[in-house]
Structure formats: structure tokens, C-alpha cells
Amino acid sequence: MPQAQPPWPARDKLRVTAVRAIVTAPEGAPLVVVRVDTSDPGLYGLGCATFTQRYAAVAAAVDEHVGPLVVGRHPADIEDITRLIHYSSYWRNGPVLNNALSGVDQALWDIAGKRAGMPVYELLGGRSRSAVEVYSHASGATPAEALDRAEALIAEGYRHVRIQLGGPGLGTYGAPGTRGGYPRSPFPDGWDVNQYLADAPKLFEAARERLGAKISLMHDVHSRLTPKQAIVLARSLEPYRLSFLEDVIAPEHYHRLPEVREASPVPIAVGEQIGSVTDAARLVHEGGVDLLRLHTSSIGGLTPTRKLVALAELLGVRTAFHSPGDISPVGVAANLAVDVSTPAFGYQESHTYNEATHEVFPGTPVVRDGYLTPSPEPGFGVDLDEKAADRFPPTKFLHERWAANVRRPDGGLEAP
Ligand code: MG
């Protein structure tokens, strides 16, 4: 591809020589990482481009469309390169193209840190805290099981725990249900909203009784309520002082979030399903969220994230970035660079990766005593062993197989 150079001279002869996507699934969920090589042997960057449900589309976007725009450019021009990628598709990016963009963007930040001999958080203004408070997930088929898990996490040092309870049929998101929960219905393994609204406050009443007043508790609705149901749930949970209630309504209805938040005594955390910087900014400045939960690769990487976080800081909104198993350790390190440097930081979701992931990604951040600490190494401090990555090829349709059976007892599809 004939590479148009910007109308300013490069400071030196360093250039991007290759851009490619690498897909690996050491824990089952397909992870996508972009590697950007340069003309300086040994100087390369890695960026997270993980959209696990559409990983092949992201890899094709990187290899066929986005990468060729970057080869030949000086890796320092991050703002110009990412803007060119964004503008050159004419139609503004959705999550597939944003993840491809994020892979390149984060890799360029990784290179910038390595060139400077500084961790990326120093390029973002430096630390504003020692370490990052994280939360983990406690889930169970019964309240006792979920709270056993919560106690185990607290014993490991976690001070923030997201609790999910199963229940009849499919069960709540993130917790195992009981098969055949609705035997007289067309779909006995369904999920019932009234059962859920009745069970959730009982779960948190039991949680406060057993875990005490000091533990910070969260809960994820996973987009399954209407705005009015969300308000009913939030009010029923008021006595249990949750740190936040997550994804209370579906992304199609985010224009109703300000009214939900206005009526909710519990802080509202939303954002992991957003694939547009404009939509994320609107949530912040129109009063839709107390905590912005970005999946940072889905809105285009570190460059747009740092702008949204600055907006959040100015408007009194805090962060609680998405980070379960379907984000690569490179993406975790990118989150940490923002978390540790912004005064808007609230909480960080965390995931404990398996041994295989640590082998594929040397430098994968590890939670200690409920905190994540960013690497002091230049760049993000996370590497990728491609030989190890090759041993874990992705499996297609993992998420789709699950989503196809997320239904109500009457058989109608529900938000997965
Ligand atoms: Mg969630």
C-alpha cells in the first residue's frame, strides 16, 4: 500500500515495518493481540484487540485493512495514525474496527514507553496511587455457595467482591442455575425476571449478615432489566450499600440511564458494551453513570480512553474498567496504566489467569492482597511468546453456543 507520510519531518529514521494480529486461546476464550514491529531490531509493541466473540473479523481487519496504513510510519505519531485509521473507513468504527484500532494504538504506546525507557503510566502523567484496588467474582448456585466463595476471596485479601447467585433454570448471569427450574414452561432452563428481583435482595441481606459491613459489594445485572425494573432492583438493594450495580439495562436503552441513575440509591456502573467514544462521552456528561466501565479495546484503545477518563475526572464520574477473562494480559496492563495514573479511578475488575496464559504472556499482572500493581518495565511490561501461543488455537462459536440458550421460561431470547 502506498504509504502517505504526514507533512512533518520524522525526528529519526525509525519506522514501523510490520503489523499483524495474533490469536491465541490459552484459557479457552480467544484473545487477539496486535504486534507492531519497527526498523529497530528488538523494538516492538503489543496491543490488546480482544473481541472474543468476533476474533477472526478483528484479525482480518488488522491484517487486511488497518496494518497496511501503519507500515512505513514513524511509531511516535500515535494521535495522527489512530485518527487516520478511524477516519479512513469513513463510517465510524464499531467494536470490530475499534478493537483492530486498539491493537495498533496500544502497541504504539508500548513502543513509546520502550523508546523512552518508561512505563506507559509515566507517559500519561505518572502515578497518582501506589496500587489499584480490584474486585473479583463470587458466584454460586445457592447463597451459601456464593458467600463461601466470597469468604475465600476475602481471605486472599480482596476488599471488593461481586456476588452472583444462580437460581432456577438458567440462573443469574455469572452463576450456575438449576436445570429444569421451570418444568411447566416451554423452556424449563429459562431465566425469570420476577424470580431474580425476589432473590437478589435476599442474597445481599445474607451477604451483609455473613460478611459484615466493611466489605465492598457489587452486582452485575448483565443488561436484563427494563428501566423500571432496574429502579425496583436498585431500591430493594439500598439497605445493603452496594459499591455499584452493573449493566442494569440493555445498551439499546442507554438514553434511559439518566432516569434510572436519578432514581437509584445505588451507584450505577455501565460501559463495557459501548463501542463508540461518542456514546461513552454522552454517558459521562449526560448523567447516565456514576462509574464508567469501559472495555478499553472496544472503544479504540488507550488514546480515546485517556480522553474519556479526563472527562470523567472533570465531571465527577469514576472508573471501573471491564476486565474478565476475555481481555488479554496486554489489555490488563493498558488498563492498569490508566488506573494508576488517573484521579478518576474507582475500582478495577480482575481475573486470575491460568498457568498457560502466564506462559503465553510473560509479565501477566498478578493480584496480591486485593491489589494490582503495574509493571515498572518500559512500555506495558507484558510480552508474548508466539511459540507458546501457537499451542492454544481458538475454538469457534463458544459464546454463541451459550447465547443461543439464554431464554426466558416462555422460550423468548434474553440478553446474554
Ligand atoms: Mg459485566
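Numbers below:
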{"read-out": "Most to least accessible of GLU246, GLU209, GLU377, GLU414 (protein chains only, probe 1.4 Å)", "value": "GLU209, GLU377, GLU414, GLU246"}
{"read-out": "Whether region 85-225 is rounded, prolate or oblate, judged on the alpha carbon gyration tensor where a/c under 1.5 counts as rounded", "value": "oblate"}
{"read-out": "Gaussian network model of the chain, springs between alpha carbon atoms under 10 Å - residue of ASP199, ASP40, ASP369 with greatest fluctuation", "value": "ASP40"}
{"read-out": "Modelled FRET efficiency - R0 25 Å, SER130 with LYS214, Cβ distances, 0.05 increments", "value": "0.75"}
{"read-out": "Rounded if a/c under 1.5, otherwise prolate or oblate - region 268-416, Cα gyration tensor axes", "value": "oblate"}
{"read-out": "DSSP-defined antiparallel bridges as percent of all bridges, the chain, nearest 5", "value": "40 percent"}
{"read-out": "Computed lengthening from GLU262 to ASP40, 0.36 nm per intervening residue step minus Cα-Cα distance", "value": "74.6 nm"}
{"read-out": "Within region 93-108, backbone nitrogen closer than 18 Å to the virtual label 7 Å beyond the Cα of ALA10 toward Cβ", "value": "104-105, 107-108"}
{"read-out": "Gain on full stretching of the segment that runs from HIS255 to ALA403 - 0.36 nm per residue minus C-alpha separation", "value": "50.8 nm"}
{"read-out": "Intensity falloff of region 233-287 expressed as log10 I(q)/I(0), Debye formula with alpha-carbon point scatterers, at q = 0.16, 0.18, 0.29 Å⁻¹", "value": "-0.46, -0.58, -1.26"}
{"read-out": "Alpha-carbon centroids, region 312-334 and region 142-208: separation in whole Å", "value": "25 Å"}
{"read-out": "Relative contact order for region 1-114, counting Cα pairs under 8 Å that sit 6 or more residues apart, in percent", "value": "32 percent"}
{"read-out": "Solvent-accessible surface ranking, highest first, for HIS285, HIS322 at 1.4 angstrom", "value": "HIS285, HIS322"}
{"read-out": "Region 323-416: chymotrypsin sites (Phe, Trp or Tyr not before Pro) in DSSP loop, at most 15 other beta carbons within 10 Å", "value": "PHE397"}
{"read-out": "Directionally averaged shadow of the chain, computed from the convex hull of its alpha-carbon atoms, nm²", "value": "19.8 nm²"}
{"read-out": "Whole-percent pair-distance distribution, where bins are 10 Å wide, for the alpha carbons of region 243-348", "value": "16, 54, 27, 3"}
{"read-out": "Region 45-123: translational diffusion in µm²/s, Stokes-Einstein, Kirkwood Rh over Cα pairs, 20 °C, 1.002 mPa s", "value": "168 µm²/s"}
{"read-out": "Computed [θ] at 222 nm, helices only, for the chain once each DSSP H run of length n ≥ 4 contributes -39500 (n - 2.57)", "value": "-10500 deg cm²/dmol"}
{"read-out": "Relative contact order %, region 123-380, counting alpha carbon pairs below 8 Å whose residues are six or more apart", "value": "19 percent"}
{"read-out": "Largest to smallest accessible area among LYS307, LYS114, LYS214 [probe 1.4 Å]", "value": "LYS214, LYS307, LYS114"}
{"read-out": "Per DSSP, loop chymotrypsin sites (Phe, Trp or Tyr not before Pro) in region 84-173 with at most 10 further Cβ within 10 Å", "value": "TYR90, TRP91"}
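The values are calculated or read from the model by the stated rules, or taken from the named source; none is laboratory data. Owing to the predicted nature of the structure, the values given are computational and were not obtained by experimental measurement. Backbone-built Cβ (ideal geometry, glycine too); neighbour counts: all protein chains shown. These accessible areas exclude ligands, DNA and RNA; they are computed on the full protein's heavy atoms, side chains included. Shrake-Rupley method; radii C 1.70, N 1.55, O 1.52, S 1.80 Å.
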